[in-house]
Every structure is written in structure tokens, then in C-alpha cells.
Ligand SMILES: O=P(O)(O)OC[C@H]1O[C@H](O[C@H]2O[C@H](CO)[C@@H](O)[C@H](O)[C@H]2O)[C@H](O)[C@@H](O)[C@@H]1O
């Protein structure tokens, strides 16, 4: 379902009544950017970027809460010949599940955890022992994305993506336990990342910091469930939006609103910016 007009939802009414009190939170992959086989090829939907540029001047804050490094979200948010994510007024990016913060062109982040170095050193041997030579994202097979603070193992390009994901789950959980990391499951990906932060903590802290009076959060993957919960725990008038896919159904079951992938998210953001401009 796409939205030419805004659906009649209480949280959206609260945002329209008091836009300056609203925080608009968004995931990146699968929500603002269509899912593609190679993570390095992901790019923001230009319509979503344009709508966010408009919204940024109308609401209290626009915040990306993403598993990507914040700088990657900004880089992949560029739109040739058009406004990109870096042009969204006041944009804040909480990257690597909230460990990093990008704001006004400045990145702040703690040093990478020692566990990341250990995973980096031990992962190739582990994958080889399971019959999977390490490949980068441009090749077929099981691929590894090194994000500095975290390392993601992708199966989307494997011959049997779901089967490979199942086969890797226990060995990667063991490696995570041995290295003090945790496994973040996602869309055909298992990511070994530091503990102690998630999208829920990141969004909840941001809402408190900004004194938000309403909130919208849109996501598509399991890591976004914590942000949905943060919306609920905030007690604010809020809207949770699922960018739907056949790969993940858990969000749709919990969302106030379900839209058809990044194109549906872009249409919703555009309709919201239209409504706030008319207001
Ligand atoms: O929190 P997000 O912004 O949604 O980031 C979550 C992970 O997204 C990326 O992987 C996903 O998108 C890829 C590109 O479309 C796709 O190839 C992959 O199968 C998906 O899992 C990203 O590569 C990860 O680092 C993020 O943690």
C-alpha cells in the first residue's frame, strides 16, 4: 500500500498538530534504500531523500538509526543531481546501532572494541573450516562486510541463502561469545557487533535529549523491533511504520502502519511533508 494521502492514525495527527515537537526516525537499508545483493551498492531512494529534506525544515528532528557506520549512511545517501541525506536540515545519524553519532558533518564514536579485531582475525579460518572461502561483497557466495566496529557475514549471494544462514548461526554465536561480541541477526545477515547498545536505547535517548512530544519510526528488519519498543516505552503519541518485505514479518505484526518497502516509505514521508506544508 502506498499513501497519496496520510492515513488516519492518532500518532500522525499528533505530528501534524505540533510538528516542531516531532522526531522522525528512520532505518536505512530496506527502509530508505532498497535491498540489493551487494551491500556496497545500496543507495537511498531519491524520493525519500527529497521528502526528508523537506521534512527536516518542518519537524523537530530527523534521525537515522542504522546498523551501518554513520559515514556510510551519509555516503550512500547521496543522490546524483539532487538533494541527498546530508542536505536534510539538522539531520542526526546514529550509526552502528547507536554507537556512532554524525551531526553537522562531524562524527563521534568510541574506539572499536577489542572483540572486533579478534573476530576479524578468526572469522576467515572459521568460515574456511565450514567450507566457505571469504569473499568480499562484489562476489557470489558468503560475503563479509567489515564495518570497523562490527563484522557482518552475508548469505544473500550464497547458493542457498537461508540454509547458509542456518548453518552459520551456531558457529558465529560461539565466536561472538568467545570474543565478547553479540550476534545481531538481520535480512540474510548475521552481524558480530559490540554489546551495550541497540536501536531502542539509541532512539529512546534521542527522544529524551530533544524533549520530543511525538515520534514516528520506520524500519524493516529485526534490529528495528527495539526502536518500535522505544516508541511504545516513550509514552509519546507515536507511529511505528513497517517497510514490508517477504523476508521479515515480525515488524508488520507490531507496526501501526505497513507500507510497501522503501517506495512506500518515500510516499509516506512525501505525504507527511505535504500535509505539514499545508498546515
Ligand atoms: O539498520 P540498517 O540500516 O537496516 O542496516 C542493517 C544492515 O543492512 C545492510 O544489510 C542489508 O542490506 C544489504 C543491502 O541492501 C543487503 O545486501 C543485505 O542482505 C541486508 O542484510 C548492511 O550491509 C549491514 O551492515 C547492516 O547492518
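The values are calculated or read from the model by the stated rules, or taken from the named source; none is laboratory data. Bear in mind the structure is a predicted one, so any value in this text is a computation, not a measurement. Heads up, the Cβs are rebuilt from the backbone with ideal geometry, glycines too, and the neighbour counts pull from every protein chain shown.
Data overview
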item: The stretch 205-225 - residue that is more than 11 Å from the ligand (Cβ to nearest atom) and either surrounded by fewer than 21 Cβ atoms within 10 Å (Cβ to Cβ) or at pLDDT below 95 (or both) and, of those, farthest from residue 68 (Cα to Cα); result: 213
item: Which numbered condition residue 53 misses (of (1) within 30 Å of residue 179 (Cα to Cα); (2) more than 13 Å from the ligand (Cβ to nearest atom)); result: (1)
item: Answer from 91, 130, 107 - the residue that is outside the structural domain of residue 33 (by TED's automatic domain parsing) and without any contact (Cβ under 8 Å) to a residue 40 or more places away in the chain; result: 107
item: Hey, residue 156 in contact (Cβ under 8 Å) with a residue 12 or more places away in the chain, closer than 30 Å to residue 52 by Cα, in a strand (DSSP E or B) and within 16 Å of the ligand (Cβ to nearest atom) or not; result: no
item: Odd one out for residue 196 among (1) out of contact with any helix residue (DSSP H, G or I) (no Cβ under 6 Å at 6 or more places or on another chain); (2) within 24 Å of residue 230 (Cβ to Cβ); (3) within 13 Å of the ligand (Cβ to nearest atom); result: (3)
item: Given (1) within 16 Å of the ligand (Cβ to nearest atom); (2) touching a helix residue (DSSP H, G or I) at 6+ places or on another chain (Cβ under 8 Å), index of the condition residue 90 fails; result: (1)
item: Positions within the stretch 12-45 being touching a helix residue (DSSP H, G or I) at 6+ places or on another chain (Cβ under 9 Å), farther than 15 Å from residue 219 by Cβ and away from the ligand (no atom under 16 Å from the Cβ), in sequence order; result: 12, 14, 15, 16, 19, 21, 22
